[in-house]
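J.: Take a look at this one; I'll ask things after.
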Amino acid sequence: MTHTITISSLGHKGEGIALIEDKRVFVPLALPGETVVISAEGERGTLIDIVEPSPERVEPFCPYFGACGGCQIQHLGPELYRAFTIGLVENPLRQAGLDASVSRFIDAAGAGRRRATLHARKDAAGYMRLRSHDLLDIEACPILVPALARAPDIARAIGGAIGDCDVSFTASDAGIDVAVRNARKGIKGEKLIALAARLPVTRLSFDGQMMFQRQTPNITMGRAQVEIPIGSFLQATAQAEAALADYVVTAVGKAKLVADLFCGMGPFALRLAEKSPVFAVDSDKAALQAMDKAARHAKGLKAITSRARDLFRDPMTQFEFNFDVVVLDPPRAGALAQVREIALSKVRKVVMIACDPASFARDAAILVKAGFAMRDLVAVDQFAFSTHIEVAATFER
Ligand SMILES: C[S@@+](CC[C@H](N)C(=O)[O-])C[C@H]1O[C@@H](n2cnc3c(N)ncnc32)[C@H](O)[C@@H]1O
């Protein structure tokens with residue numbers, strides 16, 4: 001059944017919301033204020049025609065936009081884009097009872113994403129189609145850094161050799177690092193060794209095992225060169241890593257000893273150590289080893305003491321916090337157990353980074369309840385044109 005209707009607002013997945021008989025219908029690609037023709041099945045709406053477009057509508061720059069599920073908001077003009085993205089940060093905080101406003105919006109798209117995962121089949125490679133589990137075969141993805149221009153071709157070649165799989169790309173300083181996962185059972189990674197030698201890649205791994213390497217992929221972090229372990233975390237854009245590290249270093253200021261929890265391969269620790277000794281914790285042992293090696297070879301850094309620890313199951317207790325400042329950058333799930341201990345401790349300053357505004361809001365509310373004031377709330381737009389956003393804030397008491 002079709003309806004001609006005016007879109008009332010944008011949902012948090014970037015879909016236009018239409019009210020039909022007081023029920024919300026979500027319409028991808030439609031904007032607030034637009035009069036549109038849609039079909040609706042339950043709460044799933046499909047845009048058929050735009051009768052009156054919004055003045056905020058812009059032409060998407062990618063020919064796959066609308067079909068591809070990778071980007072959701074290329075059709076938003078700059079003002080609406082910014083307001084929507086800031087809302088992604090502020091709305092969960094308000095729902096958690098914190099009246100906070102984003103003080104800075106940092107465009108961190110830079111030259112594009114240096115990390116991406118494509119899906120591959122025997123004869124296709126790309127991203128899943130919008131609202132679907134079907135693969136969209138693509139020739140190019142304009143949100144990637146130029147160094148990953150051939151990522152779809154490489155993924156297609158790998159899919160051609162082994163069939164269905166996920167192919168993750170990282171553009172390192174030494175070339176393209178490729179990690180193949182989720183192939184069908186029984187497929188052997190050795191099948192990819194000869195192919196890798198013909199591809200423009202510096203390393204290829206299969207299910208976490210190295211199959212081929214020309215040079216160890218590495219990345220510059222402050223004064224250090226870090227060799228990237230297979231499967232370790234890296235921020236999606238170089239600009240976001242730099243912006244977040246800059247935020248952390250400035251917010252920490254002068255400190256006798258800093259804790260960097262969920263430190264990964266050390267983008268913050270390696271820069272903080274230019275001024276202060278750092279105690280760095282993560283559950284990823286390979287990432288810690290890479291950070292330690294990089295720190296040993298970098299000139300003029302203060303000591304970085306690293307510990308492997310599962311901070312979900314075994315958070316640092318309130319009695320272990322003899323640090324001036326604690327930096328936290330947990331995965332999407334947030335840092336509930338760890339934040340509860342910090343709330344009970346004598347720590348006076350916390351700098352928290354997060355990629356999930358909802359878990360960030362939950363954890364921030366715990367700190368605020370424990371007497372911290374939240375300030376300098378920043379939105380770092382590294383997943384540009386998607387509905388993901390990075391958050392940073394400083395908490396003091
Ligand atoms: C968002 S990343 C941040 C890493 C680093 N700060 C950066 O900017 O590259 C989250 C980190 O949390 C680590 N992690 C995930 N679960 C963990 C756990 N249960 N305990 C400790 N670290 C964990 C991951 O290994 C990853 O390095």
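A short reminder: the numbers here are calculations on the coordinates, not readings from a lab. Everything numeric here is computed off the predicted structure, so don't read it as measured data. When we count neighbours, we look across all protein chains shown, and the Cβ atoms used for this are built from the backbone with ideal geometry, even at glycine.
J.: How high is the relative contact order of region 279-326, given as a whole-number percent (alpha carbon pairs under 8 Å, six or more residues apart)?
T.: Here the relative contact order equals 45 percent.
J.: Would you mind getting me the FRET efficiency between R340 and R44? Use the beta-carbon distance for r and R0 = 35 Å, nearest 0.05.
T.: 0.35
J.: How large is ³J(HN,Hα) for each residue in region 221-238, as worked out from phi by the Karplus curve 6.51 cos²θ - 1.76 cosθ + 1.60 (θ = phi - 60°), to whole Hz, x for Gly and Pro?
T.: Going residue by residue, I get 10, x, 8, 10, 10, 10, 7, 7, x, 5, x, 7, 6, 9, 4, 5, 10, 5 Hz, with x marking Gly and Pro.
J.: Quick one: if you stick a label point 7 Å off each Cα along the C-beta vector at A197 and D310, how many nm between them?
T.: My value for the distance between the label points is 4.1 nm.
J.: Another question, then. How large is the Rg to Rh ratio of the chain when both quantities use alpha carbon positions and Rh follows Kirkwood?
T.: With Rh from the inverse mean 1/r over Cα pairs, Rg/Rh is 1.00.
J.: Using unit Cβ charges (K, R positive; D, E negative) and no other charged atoms, how large, in debye to the nearest 20, is the dipole of region 1-55 about its Cα centre? Can you show the working numbers first?
T.: Numbers: 4 positive and 8 negative charges, 32 e Å.
In debye, rounded to 20, region 1-55 gives about 160.
J.: Quick check: net charge around E15, other residues with Cβ under 12 Å of its Cβ, Lys/Arg +1 and Asp/Glu -1?
T.: +3
J.: Could you check the simple spin-label distance between F321 and K188, using points 7 Å along Cα→Cβ, in nm with one decimal?
T.: 5.3 nm
J.: Taking every DSSP beta bridge with both residues inside the chain, roughly what % is antiparallel (nearest 5)?
T.: Around 70 percent antiparallel, to the nearest 5.
J.: If you stretched the chain out fully between D153 and V37, how much longer would it get, using 0.36 nm times the residue separation minus the C-alpha to C-alpha distance?
T.: Computed gain between D153 and V37 is 38.0 nm.
J.: Can you tell me how much longer the chain between R375 and R121 gets when fully stretched, taken as 0.36 nm per residue apart minus their C-alpha distance, in nm with one decimal?
T.: Working: separation 254, 0.36 × 254 = 91.44 nm, distance 4.71 nm.
Contour length minus Cα-Cα distance gives 86.7 nm.
J.: Compute the label zone of E274 within region 110-126: residues whose backbone N is under 14 Å from the point 7 Å along Cα-to-Cβ.
T.: none
J.: Over region 7-80, what is the relative contact order in whole percent, taking alpha-carbon pairs under 8 Å and six or more residues apart?
T.: On the way: 142 pairs, mean separation 17.4, N = 74.
Over region 7-80, the number comes to 24 percent.
J.: Excluding L148 itself, calculate the net charge of residues whose Cβ lies under 10 Å from the Cβ of L148, where each Lys or Arg counts +1 and each Asp or Glu counts -1.
T.: +4
J.: Residue by residue, what Karplus-based ³J(HN,Hα) values in Hz, rounded to whole numbers, does region 89-95 have, using 6.51, -1.76 and 1.60 with θ = phi - 60° and x for Gly and Pro?
T.: For region 89-95, the Karplus-derived couplings read 8, 6, 4, x, 5, 5, 5 Hz, x marking Gly and Pro.
J.: Starting from region 45-144, pick out the chymotrypsin sites (Phe, Trp or Tyr not before Pro) whose DSSP state is loop and whose Cβ has at most 16 other Cβ atoms within 10 Å. Write down the numbers at each step before the final one.
T.: On the way: sites: F61, Y64, F65, Y81, F84, F105, Y127; in loops: F61, Y64.
Those that pass, being in a loop and sparsely packed, are F61.
J.: What does the charge add up to near A294, with Lys and Arg as +1, Asp and Glu as -1, over the other residues with Cβ less than 11 Å from its Cβ?
T.: Values: positive: R223, K293, R296; negative: E227, D292.
So the environment of A294 carries a net charge of +1.
J.: Report the residue, chosen from R121, R44, R113, that carries the largest GNM mean-square fluctuation when the chain is represented by alpha-carbon nodes joined by springs under 10 Å.
T.: R44
J.: While we're looking at this one, here's another question. Charges at C-beta only: +1 for Lys and Arg, -1 for Asp and Glu. How large is the resulting dipole of the chain about its Cα centre, in Debye rounded to 20?
T.: 1540 debye
J.: Quick check for me: using +1 on Lys/Arg Cβ and -1 on Asp/Glu Cβ, what's the dipole size of region 115-218 about its Cα centre, in debye to the nearest 20?
T.: Working: 15 positive and 11 negative charges, 45 e Å.
For region 115-218, the charge dipole is close to 220 debye.
J.: How much length would be gained if the chain were fully extended between S101 and S132, taking 0.36 nm per residue of separation minus their Cα-Cα distance, in nm to one decimal? Working shown, then result.
T.: Working: separation 31, 0.36 × 31 = 11.16 nm, distance 3.49 nm.
Stretched fully, the S101-S132 segment lengthens by 7.7 nm.
J.: May I pose another question? Once you place label points 7 Å from the Cα toward the Cβ at R223 and E52, how far apart are they in nm?
T.: Result: 6.2 nm between the two label points.
J.: Go ahead and run the numbers for FRET between T250 and R296, Cβ-Cβ distance against an R0 of 22 Å, rounding to 0.05. Walk me through the numbers on the way to the answer.
T.: Values: r = 26 Å, r/R0 = 1.19.
Plugging the Cβ-Cβ distance into 1/(1 + (r/R0)^6) gives 0.25.
J.: For Cα pairs less than 8 Å apart in space and 6+ apart in sequence, what is the mean separation divided by the residue count of the chain, i.e. the relative contact order in percent?
T.: The value is 13 percent.
J.: Hey, what number do you get for the chain at 222 nm if only DSSP H runs of n ≥ 4 count, each worth -39500 (n - 2.57), divided across all residues, to the nearest 500?
T.: Result for the chain, helices only: -7000 deg cm²/dmol.
J.: Over all alpha-carbon pairs of region 168-225, lay out the pair-distance distribution in 10 Å bins, whole %, shortest bin first.
T.: Calculated over all Cα pairs of region 168-225, the distribution is 24, 50, 20, 6, 0 percent.
J.: Here is the link list: K293/K346; K302/K369; K302/K349. Which ones come out longer than 28 Å on Cα distance?
T.: Exceeds cut-off: K293/K346; K302/K369.
J.: What is the Cα centroid distance between region 208-247 and region 326-383, reported in whole angstrom?
T.: Comparing the Cα centres of region 208-247 and region 326-383, I get a distance of 24 Å.
J.: Picking from A298, P28, V201, whose Cα lies most toward the positive end of the charge dipole for the chain (charges on Cβ: Lys, Arg +1; Asp, Glu -1)?
T.: Towards the positive end, the residue furthest out is A298.
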